[in-house]
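Worksheet for the structure shown next.
Coordinate-derived values only; no laboratory data. Source: prediction; values computed, not measured. In this analysis, Cβ positions are derived from the backbone assuming ideal geometry, glycine residues included, and neighbour counts consider all displayed protein chains.
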Amino acid sequence: MVFEPGRAGVVEVAPPEPAPEEVVVEVERVGLCGTDAEFYAGDMAYLGTGEASYPIRLGHEWAGRVVALGAGVEPHWAGRRVTGDTMLGCQRCARCCAGKQHVCAERAEVGVRRGRPGALAEQVAVPVWSLHELPREVDATKGALVEPGANAWRAVDATGVGPGGRLVVIGPGTIGLLCAMLARARGASVLVVGVQDASLEFATSLGFVAARDSAALGTAAFDAAIDATNAATIPARAIELVEPGGRVVFIGISAQPSLIDSRALVLADLTAVGILSGSPALAATVAAYRDGVIDPSALVGATVGLAEAEGVLAGHHPAPGRGPKVHIDPRR
């Protein structure tokens, strides 16, 4: 539980009770991400808008097993291994009815928005409609990477790259590397750009060509670019790297406003796309992991217990130099 900026801890709470059409999941793995770190630091935008407040229980990248059913839930869900959608739309508005519940104005977000408790706990309650069953080929580690993988899936889809396409991914964190892995699996040529030697060395260990400074790349060399950073200067730089008629995809969010010159988009006939959520691609990502399209397991550099979560949120990686993602096993 994060109580206030810079202060978190493990607390005992009552076990969750499933509401009608909900299930309780025994959590096996939870991934910590940049959003969680922003809550710990006090920088998360929802704190300023009132869409989130302290104390907050984090955890929106998770996998586990269904252990209790609420009224109205089909019995076959009992014991199923699952992950779930972060975005819990109202299921009634026009956006939800059109399959865009991830942008529902009234949505809750597991471990993020409108007070919905997250999965950084031994158990979590979630709506049954939000579940995605995990096949035996997708273990707990891969299961907790479905949510970030689905974000990456949508980002790569938005680039339009395929065999022979040239993609630059700026930001070699978990999302950026998942984008690179998925694009490579589709036959694209991928360059990963970052600023930290350790992250670039890790990207190289995965077989990617990596560059430390986008300034050295010149301009207009790629069919598409993905900005997977939190740097306010990168969106404008990403536009410069894309050939006329190409596409720029923004999946990173900076703490400060990012400025771009719309003339650069118009005069180069570029398409710019923003990606908020992986919701529409969760099922496709589960299938990709099941079929071995990519294996994201190497991105998990360490798995630790709940007691170590605060240190990770504060920026201390338990295994420096290994994969960027840290998982929590609440059973430890």
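A few remarks follow.
- Likely footprinting exposure, 251, 260, fewest C-beta neighbours within 10 Å first: 260, 251
- For the range 149-274, a Kirkwood hydrodynamic radius built from all Cα pairs, placed in the Stokes-Einstein relation at 25 °C and 0.890 mPa s, yields a translational diffusion coefficient of 175 µm²/s.
- Annotation: the residues 325, 100, 142, sorted from fewest to most other C-beta atoms within 10 Å of their own C-beta, follow the order 100, 142, 325.
- Column: log10 I(q)/I(0), Debye, Cα scatterers of the range 220-332, q = 0.13, 0.15, 0.23, 0.24 Å⁻¹: -0.74, -0.90, -1.17, -1.19
- Taking the charge dipole of the range 1-158 about its Cα centre, with +1 at Lys and Arg Cβ atoms and -1 at Asp and Glu Cβ atoms, the residue from 151, 135, 69 reaching farthest to the positive side is 151.
- For the chain, size of Cβ-based charge dipole, Lys and Arg +1, Asp and Glu -1, in debye: 400 debye
- Cα-derived Rg over Rh, computed across the chain with Rh taken as Kirkwood radius: 0.96
- Centroid-to-centroid, using Cα positions, the range 122-161 and the range 26-62 are 18 Å apart.
- Candidates 180, 144, 298, ranked by Gaussian network fluctuation over the chain, Cα under 10 Å, top entry: 298
- Summing Cβ point charges (Lys, Arg +1; Asp, Glu -1) relative to the Cα centre of the range 229-323 gives a dipole of roughly 40 debye.
- The residues 141, 35, 233, 159, when put in order of fewest to most other Cβ atoms within 10 Å, stand as 233, 35, 141, 159.
- GNM flexibility winner over the chain from 265, 282, 178 (Cα, springs under 10 Å): 265
- Helix-only CD estimate at 222 nm, as mean residue ellipticity for the chain, using -39500 (n - 2.57) per DSSP H run (n ≥ 4): -6500 deg cm²/dmol
- Pairs of Cα atoms farther than 15 Å apart, the range 91-142, %: 61 percent
- Each residue, residue 105 and residue 53, gets one label point 7 Å from its Cα in the Cβ direction; the gap between the two is 2.2 nm.
- Considering only 124, 112, 209, the Gaussian network model of the chain with Cα springs below 10 Å gives its largest mean-square fluctuation to 209.
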